[in-house]
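Below you'll find the structure, written out as structure tokens, and then a few comments.
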Amino acid sequence: MHTSPRLDFLAHLTVDVGEIVSMGPGPLGERRVVQILGGSFEGPSFKGTVLPGADWQILRADGVLDIDARYALKDDRGALVQVLSQGYRHGPPEILAALARGEDVAPGKYYFRTAMRFETGAPHLAWLNRTLAVATAERRARQVLIDAYKLL
């Protein structure tokens, strides 16, 4: 008999982001990139800073934003962790327009979820190499707030 998956809180991330840079329309939709400038994270097992990276996005014809973010974390002991976070953001057109204008929108009014994978050479964080996480997120004008949960 299979067990149902459970979630265990991993960390809260506050990620500072740059402007959206549109690379124009492509065969899959509008290709965009958003610089990840830095930030911080904290959870019960580790905490530290978010290092720069980028979120490569495709705004699809159906209004779904396809997210492919890659960045690194540096914990308070100096260990580095690569993060791959892929997912979707979508919602009613008026809500997405408000987000595009930089307005604060209650996160329950749109869908913003990602799946996360990690890689590190740090022995004290080796458990992350075997961890899949799911995250809920909230877009602010210049930040993304993320709550990540280990998938048990």
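Nothing in this text is a laboratory measurement; each read-out follows from the coordinates by a stated rule. Model, not experiment: these values are computed from the prediction. Note: ideal-geometry Cβ built from the backbone for every residue, glycine included; neighbour counts use all protein chains shown.
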Which value at 222 nm does the chain reach when only helices count, each DSSP H run of 4 or more adding -39,500 (n - 2.57), with the total divided by all residues and rounded to the nearest 500 deg cm²/dmol? -1500 deg cm²/dmol
FRET efficiency, 1/(1 + (r/R0)^6) with R0 30 Å, evaluated for residue 49 and residue 100 via beta carbons: 0.60
Pair-distance profile P(r), taking every C-alpha pair of the chain, with 5 angstrom steps and integer %: 2, 9, 17, 23, 19, 13, 9, 5, 2, 0
Expected sort for 42-49, 66-73, 23-30 on mean C-beta neighbours within 10 Å, highest first, is 66-73, 42-49, 23-30
To make sure I understand the rule: partners must be lysines, Cα under 18 Å from the Cα of residue 150, and not fewer than 8 residues away in the same chain. Which ones qualify? 47
